[in-house]
């Protein structure tokens, strides 16, 4: 092998031989960059990121127009003239918005499992995934790369307790996961909610966090009350609204409010009059909370 031939010659020689590259060739491939046509690159089917903020992409595209791409993408070669992303999809998407014809890239050699692991680990180490993307990514490493929790902790450079906390998020109800993904609640809130085993209680705590704008510390105290049975709230299914004395009606109204809160995952106030009239109120304290509630209602409507 003649190193002086450059990276293109290395790639050609590898294809012609049809054999695995030597260690020296791999070192060359990892050090050199190529200018690769944007339309010769395809997305990574193993990409753990699912949400790409359009405003952020446009800002990145504007930066690329001025400064170019500072950090090269990482690709693997599929066949002559075609490449697949291992890492750098945001840069690739922004480059298309910026009108670039080509982008700088490192070329890596990887099978599908190796590619999946590299893509997920790089994204995790960049620390820009949201909490749910991180949780799903860690679970994929366990399921698809057959890693133990100890191996996973070492591979991604995080303490085992941190890895366990992220994986616990996957056991939370969809409403809690969605609120976390949309940053309506924080990772600290979600960790506290995960301390409850009862789903109805988890959803009621979620509603209290959103409606009361509870801090993580306040949420921890509320969860402790649920665990100790001190809240006086015992969510039950199947209760119906009954007319009767004021005390009976109050208890029934509370049960219905709890059922609605369990269904929606937000605080619900039921105002009921003795003549059978009343109204259902869903309070909110910000545009973010309102949009979250509207999304929930749309999801319920679409599931009919």
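Bear in mind these aren't lab numbers, they're just calculated from the coordinates by the rules spelled out. Since the model is a prediction, treat every value here as computed from it, not as a measurement. Cβ sites come from the backbone with ideal geometry, for glycine too, and all protein chains shown count toward neighbours.
Observations, loosely collected:
- A search for C-beta distances below 9 Å between a residue of segment 151-174 that is touching a residue at least 40 places away in the same chain (Cβ under 8 Å) and any residue that is surrounded by 18 or more Cβ atoms within 10 Å (Cβ to Cβ), counting only pairs 6+ apart in sequence or on different chains, returns 173/193; 173/202; 173/203; 173/206; 173/265.
- Cβ-Cβ under 7 Å pairs, at least 6 apart or on other chains, segment 200-224 side at positive phi and in contact (Cβ under 8 Å) with a residue 12 or more places away in the chain, far side buried (at least 22 other Cβ atoms within 10 Å of the Cβ) and assigned to a loop (DSSP other than H, G, I, E, B): none
- The residues listed here are 225, 221, 171, 182; of these, the one that is within 20 Å of residue 287 (Cβ to Cβ) and surrounded by fewer than 16 Cβ atoms within 10 Å (Cβ to Cβ) is 182.
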